[in-house]
Each structure stands twice: as C-alpha cells, then as structure tokens.
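Trainee: Quick one: the structure is below, questions incoming.
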Amino acid sequence: MSPDHPTSAWLDPRVAGLPPSATLSINELSARLAREGRTIYRLGLGQSPFPVPEPVQEALRRHAGANDYLPVRGLPALREAVADHVHRHTGLRYGPDRIQVGPGTKELIFHVQLALEAEVVLPSPSWVSYAPQAALAGRPVSWVPTTRADRWTLDPDALERHLATRPGRRCLLVLNHPNNPNGLSIPAERLEALAGVARRHGLLVVSDEIYGLVDHEGTHVSMARYYPEGTLVSTGLSKWCGAGGWRLGALLLPEGAGWLADALAVLAGETFSAVSAPTQHAAVTAFRGGPAIDAYLRDARRIVRALGRRCATMLEAAGLDVDPPEGGFYVFPSAEPLRADLGARGVASGASLCDRLLAETGVAALPGSAFGRPAEELTFRLAYVDFDGAAALAACAGHVAVDDRFLETWCGRVLEAVELVTAWIGTPAAARR
Ligand code: PLP
C-alpha cells in the first residue's frame, strides 16, 4: 500500500499542536499593520535596543574570512573568554570543558530538555519558549504559580509543596532572572532558600541568566553561587551585547556533569555542528571585555533603569499594579485593579486587552497568558525597547544625566506608547461611550 500524499496529517502531533511563537507572531502582526500605514509601537518583541559594541563589530569584520567548522563544544579561546568573563562577574570558576557554545541559549536550553528524561518544572510566569520546547522534546511540564504580591518570584515553600506531590520523579526546574516578562531579580536569600529545596529533592536547575549583565545596578547574583552542584547557567550575547541576531549563547555546566556535557556535545554535533566561525571569533572580543565595553554596559544600564522606572511610574499612576523593573527591558503590569471597568468595555482576558491595545492605540504588547499566566488574568508585558539605542548611547556618553528630559528626547516613542496605553486603560467605560 502506498502512503497518503504529504499533507498536514503527516505532522508529528508534538509539532502540529504548537501555535507559532507568541513573540514572533506579535512582531509579524505589528510589521503587517505598519506596512498598511498604521503607526505601531513595537513593545511586543524583546530585542535589545542597543547596537553591538564597536570593538565587537570590528572583530567580526576582521574574522569575516574564518570559514572552518569549529569544534562542536565551541572555539577553545571563546570558552576560555567566557570562563574568565563569568569569573570576573560572579566569582565562579568554570573550566572550558564545562562550557558548551551554541546558536543562542534558546537552542541550548532545548537541547538540555531533549537530553534529560525529566519533568520540566516552571514558575508562572516564565519565558515563552520553555514550555513549547518541553512539548517538542516530549517532556511533561508542571507549573508552580507565583503572585504579584510576592513579586512574581518562585516561593521555596510552594516549590517544596509542588515537589512533594511528585516523589521519585526527576525534575528539571527552569529559573530565569532578571526575569522576562517581569524585569525582576530573585533576591540572594530567595536563591539560597530555593537551592536548599533543590538540593533536598535532587533537582537539576537551568538558571537562564541571559539578562544577568543587564541587571540595572550591575549586581546580578547567579543561582550557581548557591547550588553549584546542580545548576546549569545559560548566558550569551543577545541581550547585554545587543547581538540577538548573531545567535551566540553559552551553557555553563556543574562540576561532575561531564556525562551531560558529552551528551550535549553529541546533540550539537548532530544538529547545528558549531556556531558560525566569524561570530565565535568576535564573541571572544565581547567576552574579554575592556574599557569600551564596560562604558557601553554602564550607559545601557543607566538608560534601561531610568526608562523602566519612568514607565512603571506612569503605569502605576493610571491605576495598574506594577513593580519597577530591576533588570532587562520589560515591565509586567497588571490591570486587575481596573477589571470591572475593563469588563464593561468587553475586555476580560490578557489576550483581549492586548488585541484591543494594538487595534486602538497601535501599541504591541504580549499578554501574561503567553508566559503561562491564566488566560483571564489582565497582565501584559511591555518591552520598552522601541527607541534608537545607538543615538541614546551616544547622547549619554560622558556621564550625561539620564533624567526625564533625556528620556523624552531619546526614548520618546516608548513614553508616547506608555501614555497611549495608560490613557486607553485608564479611561472609564462611561467616558468612552
Ligand atoms: N531566555 C530568555 C528569558 C529570553 O528572553 C530570551 C530571548 O528573548 C532567550 C532566553 C533566548 O536568547 P538567545 O538569543 O540566546 O537564544
């Protein structure tokens, strides 16, 4: 008997059941509306607004001719540079043999989920891709809720209770801080308490620290400090180095996890082979750092810190619940205090709120449900990145104050977008009729 003709019936159910990535979809929809002539504020996709630092761009140009396949685990000089960088910033030491380089941390985190026969435990909210990746890898997922009152941070007691219901099960906990979607960090005491629970239950932890260097105060603390024996830390160029499109990430493995490093190297070898050679050479320059990169980071942090606070203040003044962000470039307001009024305007879910915001104000945002929050919850994420980061960095070089005037001049589009959101949400139903 010959097989049926190729149609969608051929799709594996793990693939067929997945909707397109929420962040990429909002970006495509925003682009389409913009092409149709609408003014669109792109606060949907979380891309660094800043350019790649000049010395790193220069290194890429210099290595444009590098065309060899590089070692599967990554260029040795790069793994050394990453190890030194991590040591400088966290005090933790990793030998190059405990580092796997990949085309973005997204792919590396997926490979970890493929490699381990384990249940994936996620705090809610969590970054959009962990759960779909688990589904693709055929791993069960369980969620541990957090609350706005507890700053959306995983509570060690809640984790303990959750794990008590799954005795004997192997679990992979995925933590992320500074956090996407809420811009908040996990305080050191909380990390320590979570480490205690993880240790008691023999968890493996992926600590996604891609925004570590974009901690607004430059004081990020790694989960690996408290749980070194069971934490895999992911880091990369996408956020702190403005190089999302370069696709370079690194995974730091715990001591004694050579078995996992070997398995990840096999997965790398059979899939992406190695990250592009020029990118890896340029990344050596990025991770080695130096005065120009330090100045870039210092100024980028000053801008996102001030802008994040200003956005939070505006949202709060309109009656939303929000914490000023501490890292990265996201705010995660909740319009729950305005539920009755929004309900009267036909808004009863985060998704309908975001649809209406895009249609009626042109501001793209992502609903909390994309991050594992309940569909009816009126939370949404704003990525406050719709401004010219190169111009803003140039304007604040030399210790120019990043004050309200600075933000209005250089990040005006973001302020305009937040004003539109607050005006739309804060306008009572009666006044709109
Ligand atoms: N983790 C988080 C929390 C992110 O926000 C992102 C990108 O948006 C990634 C991982 C993926 O980063 P990469 O570009 O290294 O794949």
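Trainee: List the pairs whose first member sits in segment 400-423 and is closer than 11 Å to residue 303 by Cα, whose second member is assigned to a loop (DSSP other than H, G, I, E, B), and whose Cβ atoms are under 6 Å apart, counting only residues at least 6 apart or on separate chains?
Mentor: Pairs that qualify, where the first residue is closer than 11 Å to residue 303 by Cα and the partner is assigned to a loop (DSSP other than H, G, I, E, B), are 411/387.
One line per residue, one yes/no per condition, for (1) of a type in the set (D, E, K, R); (2) touching a Ser or Thr at 6+ places or on another chain (Cβ under 9 Å); (3) away from the ligand (no atom under 14 Å from the Cβ):
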position	(1), (2), (3)
2	no, no, yes
10	no, no, yes
16	no, yes, yes
26	no, no, no
29	no, no, yes
48	no, yes, no
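Trainee: Another one. How many of the residues making up segment 22-49 are open to solvent by less than 80 Å² (accessible area, probe 1.4 Å), more than 22 Å from residue 331 (Cβ to Cβ) and either in contact with an Asp or Glu (Cβ under 9 Å, 6 or more places away or on another chain) or free of Cβ contacts under 8 Å to residues at least 40 places away in the same chain (or both)?
Mentor: Qualifying residue count, segment 22-49: 3.
Trainee: Also, quick follow-up: Here are 310, 305, 381, 288: which of them is charged (D, E, K, R) and buried (at least 24 other Cβ atoms within 10 Å of the Cβ)?
Mentor: Testing whether each residue is charged (D, E, K, R) and buried (at least 24 other Cβ atoms within 10 Å of the Cβ) leaves just 381.
Trainee: Same structure, new question: Are any of the residues in segment 247-256 under 27 Å from residue 322 (Cβ atoms), in contact (Cβ under 8 Å) with a residue 12 or more places away in the chain, aliphatic (A, V, I, L, M) and away from the ligand (no atom under 13 Å from the Cβ)?
Mentor: The answer is no; no qualifying residue exists.
Trainee: Please determine, by comparing only the residues of segment 164-184 that are surrounded by 21 or more Cβ atoms within 10 Å (Cβ to Cβ) and more than 13 Å from the ligand (Cβ to nearest atom), which one is nearest to residue 151 (Cα to Cα).
Mentor: The extreme case among them is 173.
Trainee: Does residue 144 satisfy the criteria of being surrounded by fewer than 21 Cβ atoms within 10 Å (Cβ to Cβ) and assigned to a loop (DSSP other than H, G, I, E, B)?
Mentor: Spelling it out, it is not the case that residue 144 is surrounded by fewer than 21 Cβ atoms within 10 Å (Cβ to Cβ) and assigned to a loop (DSSP other than H, G, I, E, B).
Trainee: Go through segment 217-246 and count every residue that is of a type in the set (Ser, Thr, Tyr) and within 14 Å of the ligand (Cβ to nearest atom). Full working, then the answer.
Mentor: The first filter runs over segment 217-246 and keeps only residues of a type in the set (Ser, Thr, Tyr), leaving 219, 222, 226-227, 231, 234-235, 238.
Checking the rest, the ones that are also within 14 Å of the ligand (Cβ to nearest atom) come to 234-235, 238.
So the answer is 3.
Trainee: Taking residue 76 as the residue in question, decide whether it is under 18 Å from residue 261 (Cα atoms), more than 14 Å from the ligand (Cβ to nearest atom) and not aromatic (Phe, Trp, Tyr). Quick ask: steps written out before the conclusion?
Mentor: Details: under 18 Å from residue 261 (Cα atoms): yes; more than 14 Å from the ligand (Cβ to nearest atom): yes; not aromatic (Phe, Trp, Tyr): yes.
Yes, satisfied.
Trainee: Follow-up question, since we're still on this one. Restricting attention to helices (runs of 4 or more DSSP H) lying wholly within segment 300-397, give those where 3 or more residues are within 25 Å of residue 211 (Cα to Cα) and not aromatic (Phe, Trp, Tyr).
Mentor: Ranges flagged: 389-396.
Trainee: Go through (1) touching a residue at least 24 places away in the same chain (Cβ under 8 Å); (2) surrounded by fewer than 21 Cβ atoms within 10 Å (Cβ to Cβ); (3) assigned to a helix (DSSP H, G or I) for residue 56 and report which single condition fails.
Mentor: Just one mismatch for residue 56, condition (2).
Trainee: Restricting the search to segment 18-52, which residues are over 30 Å from residue 211 (Cα atoms) and assigned to a loop (DSSP other than H, G, I, E, B)?
Mentor: 36, 37, 38
Trainee: Another one. Taking interchain pairs and intrachain pairs at least six residues apart, which have beta carbon atoms under 6 angstrom, with the first residue in segment 210-227 and closer than 13 Å to residue 252 by Cβ and touching a residue at least 40 places away in the same chain (Cβ under 8 Å) and the second small (Gly, Ala, Ser) and open to solvent by less than 10 Å² (accessible area, probe 1.4 Å)?
Mentor: Correct list of pairs: 210/236; 223/207.
Trainee: Give the residues of segment 93-111 that are within 8 Å of the ligand (Cβ to nearest atom) and of a type in the set (Lys, Arg), sorted by residue number.
Mentor: 106 - this is the single residue of segment 93-111 that is within 8 Å of the ligand (Cβ to nearest atom) and of a type in the set (Lys, Arg).
Trainee: Does segment 104-111 include one or more residues that are touching a Lys or Arg at 6+ places or on another chain (Cβ under 7 Å), open to solvent by less than 40 Å² (accessible area, probe 1.4 Å), of a type in the set (Val, Ile, Thr) and closer than 26 Å to residue 72 by Cβ?
Mentor: To start, the set of residues in segment 104-111 that are touching a Lys or Arg at 6+ places or on another chain (Cβ under 7 Å) comprises 104.
When the remaining residues are screened for being open to solvent by less than 40 Å² (accessible area, probe 1.4 Å), the result is 104.
Right, trim to of a type in the set (Val, Ile, Thr) and you get none.
No, there is no match, as no residue in segment 104-111 is touching a Lys or Arg at 6+ places or on another chain (Cβ under 7 Å), open to solvent by less than 40 Å² (accessible area, probe 1.4 Å), of a type in the set (Val, Ile, Thr) and closer than 26 Å to residue 72 by Cβ.
Trainee: Also, quick follow-up: Look at segment 205-264 and say how many of its residues are in contact with a His (Cβ under 6 Å, 6 or more places away or on another chain) and either among the small types (Gly, Ala, Ser) or assigned to a loop (DSSP other than H, G, I, E, B) (or both).
Mentor: 1
Trainee: Scan segment 118-141 residue by residue and report those that are in a loop (DSSP other than H, G, I, E, B) and either under 15 Å from the mean Cα position of the chain (by Cα) or within 18 Å of residue 328 (Cβ to Cβ) (or both).
Mentor: Taking segment 118-141 as the starting set, the residues that turn out to be in a loop (DSSP other than H, G, I, E, B) are 118, 125-129, 138-140.
Listed by number, the residues that qualify are 125, 126, 127, 128, 129.
Trainee: Here's something else I'd like to know. So in segment 164-185, with the set limited to residues that are in contact (Cβ under 8 Å) with a residue 60 or more places away in the chain and part of a strand (DSSP E or B), which one is farthest from residue 370 (Cα to Cα)?
Mentor: In the first step, residues of segment 164-185 are kept if they are in contact (Cβ under 8 Å) with a residue 60 or more places away in the chain; the result is 172, 174, 177-185.
Those still in the list that are part of a strand (DSSP E or B) too: 172, 174.
Values: 172: 21, 174: 16 Å.
Checked segment 164-185; the qualifying residue farthest from residue 370 (Cα to Cα) is 172.
Trainee: Go through 214, 206 for me and flag whichever is more than 12 Å from the chain's Cα centre (by Cα), within 30 Å of residue 384 (Cα to Cα) and within 14 Å of the ligand (Cβ to nearest atom).
Mentor: On the way: 214 fails: more than 12 Å from the chain's Cα centre (by Cα).
Within the list 214, 206, the selection yields 206.
The values are calculated or read from the model by the stated rules, or taken from the named source; none is laboratory data. None of these values were measured; they are calculated from a predicted model. When we count neighbours, we look across all protein chains shown, and the Cβ atoms used for this are built from the backbone with ideal geometry, even at glycine. SASA here: full protein model, heavy atoms, side chains in, ligands and nucleic acids out. Shrake-Rupley method; radii C 1.70, N 1.55, O 1.52, S 1.80 Å.
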